[in-house]
Amino acid sequence: MASEIDVCNLALSHLGDDAYVSSIDPPEGSAQAAHCARFLPLALGQLIESHPWRFALARKRLAQVTSTIEHWEYAYGLPSDMLRPVALLPDGASDDHDGVSYMIEGTTLYSNEPDAVLRYIKSGVAVSTLPPSVASALSWLLAAFLSGPVTKEPKLREYCFRMYEATRRQAAVLDANSAHDPLTHTVGWIGARE
């Protein structure tokens with residue numbers, strides 16, 4: 001698995017910069033290390049939030065709080081490590097297709113579902129846990145962020161964003177294909193053959 005330094009150096013190589021960063025925490029003293037230290041957390045957060053990556057998903061039963069909105073019967077506090085919700089599920093639901101309606105306002109989730117379980121994208125994912133395809137996408141997004149201060153080439157920034165989108169889509173397909181979702185519904189014309 002790639003380290004933060006590997007991703008930073010790959011991003012710099014995308015820009016044609018031959019600098020080698022050896023530390024970003026704390027930055028080693030080079031301008032490139034300082035820029036990587038500043039932009040890597042933002043790039044990682046944006047990438048993780050962009051897709052319900054299997055490695056970044058969490059499921060948590062929510063704690064009830066006092067509801068202040070009449071339309072919703074229940075109110076729940078949100079998990080402190082949530083980046084983005086994926087689905088609110090009834091207790092015992094097997095997948096997101098069983099999701100129920102909800103609304104988020106501030107740090108409170110409102111729903112008519114008792115004992116709700118939230119499936120969400122969590123923060124705090126370490127770069128070292130990313131699959132190679134996702135680390136590659138991260139390097140292109142970081143390169144796009146770095147292109148301004150390192151190269152000041154707008155066309156290179158656009159190219160890096162295009163490469164990020166292409167590699168992120170490919171990584172998302174690989175991530176989605178890694179799930180096993182057995183067929184639970186028999187289509188009518190197949191059932192008629194039995």
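Tell me whether segment 72-85 contains one or more residues that are closer than 12 Å to Glu113 by Cα and surrounded by fewer than 17 Cβ atoms within 10 Å (Cβ to Cβ). Within segment 72-85 (the criterion being closer than 12 Å to Glu113 by Cα and surrounded by fewer than 17 Cβ atoms within 10 Å (Cβ to Cβ)), the answer is yes, since at least one residue qualifies. One residue stands out in segment 86-105 among those that are open to solvent by less than 40 Å² (accessible area, probe 1.4 Å) and outside any loop (DSSP other than H, G, I, E, B): the one that is nearest to Leu57 (Cα to Cα), namely Ala87. Residues in segment 51-71 that are buried (at least 18 other Cβ atoms within 10 Å of the Cβ) and either aromatic (Phe, Trp, Tyr) or out of contact with any strand residue (DSSP E or B) (no Cβ under 9 Å at 6 or more places or on another chain) (or both): how many? Summing the residues that are buried (at least 18 other Cβ atoms within 10 Å of the Cβ) and either aromatic (Phe, Trp, Tyr) or out of contact with any strand residue (DSSP E or B) (no Cβ under 9 Å at 6 or more places or on another chain) (or both) in segment 51-71 gives 1.
Can you report the number of residues in segment 106-120 which are polar (S, T, N, Q), part of a loop (DSSP other than H, G, I, E, B) and either without any contact (Cβ under 8 Å) to a residue 24 or more places away in the chain or farther than 13 Å from Leu83 by Cα (or both)? Before the answer, list the steps.
First, the residues of segment 106-120 that are polar (S, T, N, Q): 107-108, 111-112.
The next check asks that each one be part of a loop (DSSP other than H, G, I, E, B); those that pass are 107, 112.
Adding the requirement that they be either without any contact (Cβ under 8 Å) to a residue 24 or more places away in the chain or farther than 13 Å from Leu83 by Cα (or both) leaves 112.
Counting residues in segment 106-120 that are polar (S, T, N, Q), part of a loop (DSSP other than H, G, I, E, B) and either without any contact (Cβ under 8 Å) to a residue 24 or more places away in the chain or farther than 13 Å from Leu83 by Cα (or both) gives 1.
Within the set of pairs 6 or more residues apart or between chains, which connect a residue that is at negative phi inside segment 137-154 to a residue that is among the aromatic types (Phe, Trp, Tyr) and surrounded by fewer than 24 Cβ atoms within 10 Å (Cβ to Cβ) with Cβ atoms less than 7 Å apart? Matching pairs, first to second residue: Leu142/Phe39; Ala144/Phe161; Phe145/Phe39; Leu146/Phe39.
Among the residues here, Pro27 qualifies as under 21 Å from Leu138 (Cα atoms), open to solvent by 50 Å² or more (accessible area, probe 1.4 Å) and either touching a residue at least 60 places away in the same chain (Cβ under 8 Å) or touching a Lys or Arg at 6+ places or on another chain (Cβ under 9 Å) (or both).
The values are calculated or read from the model by the stated rules, or taken from the named source; none is laboratory data. Treat the numbers as computed from the prediction; the structure is a model and nothing was measured. Positions of Cβ are backbone-derived with ideal geometry, glycine not excepted, and every protein chain shown enters the neighbour counts. We work out accessible area using only protein heavy atoms, side chains counted, and drop any ligands, DNA or RNA first. Shrake-Rupley method; radii C 1.70, N 1.55, O 1.52, S 1.80 Å.
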